[in-house]
Amino acid sequence: YKKFENLAKSVGPGPILEQTPGKAYGVEFEIGGKFWGFDSKCAYVWAHSNRTFQNITYDSNFDIKHRVQFFTNKELGEDFNISVYWEFHTGQPYDPKIYRGLVTDYEVAIPMRNGIFEWYDSYEMDVVRGRIRYPLYHRLDLNIMKSIKTKRFTFAPYLSIRNVYHRQNPLFYKSIEFQMESVDGNFVNPHIERDAFVIGVLPT
């Protein structure tokens, strides 16, 4: 449990800062042991982090409600070592500034287009900070190492692969846009496009 005072918060373009309080608290459970020759460890963390600004308390960008981490390691023959790491956690909050939404207006059949289109009305609204979050985060990492020992030195070349199954975890959204058609001044069949910065499979 930790209370914070006088945290710097950006409130405008350039170096315009104000001070804000906050707190963070949580609990962690960990279990480990040796299974089938693998030294393994699994941890679960429940944590919460918030800030208070202008008399509104909200989840901060560091807030991760649930996190599960699993690590296992084994020494193989010929001085090889293999380790596997997997992580899962709930999405962190981000601030979209203005939330753009769509409300279903009605459905209409358009014979010349050969289908039924849903027509929508759009709206924009301010959103309380901390209410909108990134999607669930998870990834798998793999590491293989070979130890080469001489009389004076030990070399340990390795191959490490981060995010083995290429999970598209967004680090941040560069833009969020609604794409749609317009028929007689109404929005038709919209979809959301998120331009995100992600790190895919990363070998080292």
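The values are calculated or read from the model by the stated rules, or taken from the named source; none is laboratory data. All of these numbers come straight from a predicted model, not from anything done at the bench. Positions of Cβ are generated from backbone atoms using ideal geometry, with glycine treated the same way; all protein chains shown enter the neighbour counts. With ligands, DNA and RNA removed, areas are computed over all heavy atoms of the protein, side chains included. Shrake-Rupley method; radii C 1.70, N 1.55, O 1.52, S 1.80 Å.
Tabulated values for the structure
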read-out	value
Strands (runs of 3 or more DSSP E) fully within region 23-140 counting 3 or more residues that are modelled with pLDDT of 95 or more and not acidic (D, E)	38-53, 66-75, 80-89
Which numbered condition A8 fails, given (1) surrounded by 16 or more Cβ atoms within 10 Å (Cβ to Cβ); (2) within 24 Å of Y134 (Cα to Cα)	(1)
Any pair with Cβ under 8 angstrom, 6 or more apart, that starts in region 45-58 at a residue that is over 16 Å from R131 (Cα atoms) and ends at one that is in a strand (DSSP E or B) and small (G, A, S)	V45/G26; W46/G26; A47/A24; A47/G26
Qualifying residue in region 73-80 (condition: open to solvent by less than 40 Å² (accessible area, probe 1.4 Å) and touching a residue at least 40 places away in the same chain (Cβ under 8 Å))	no
In region 1-59, the residues that are closer than 22 Å to K97 by Cα and aromatic (F, W, Y)	F53, Y58
Every pair of residues 6+ apart whose Cβ atoms lie under 9 Å, when the first sits in region 1-16 and is outside any strand (DSSP E or B) while the second is not acidic (D, E)	Y1/K23; Y1/A24; Y1/Y25; Y1/G26
Pairs with Cβ under 9 Å, 6+ apart, first in region 22-41 and closer than 30 Å to N61 by Cβ and of a type outside the set (G, A, S), second assigned to a strand (DSSP E or B) and open to solvent by 100 Å² or more (accessible area, probe 1.4 Å)	K23/K2; K23/K3; Y25/K2; K41/E30; K41/I31
Complete set of residues in region 141-173 that are open to solvent by 70 Å² or more (accessible area, probe 1.4 Å), assigned to a strand (DSSP E or B), among the charged types (D, E, K, R) and over 16 Å from V201 (Cβ atoms)	K149
Residue list for region 31-58, filter: in contact with a Ser or Thr (Cβ under 7 Å, 6 or more places away or on another chain), more than 15 Å from Y85 (Cβ to Cβ) and open to solvent by less than 40 Å² (accessible area, probe 1.4 Å)	G33, S49, N50, R51, F53
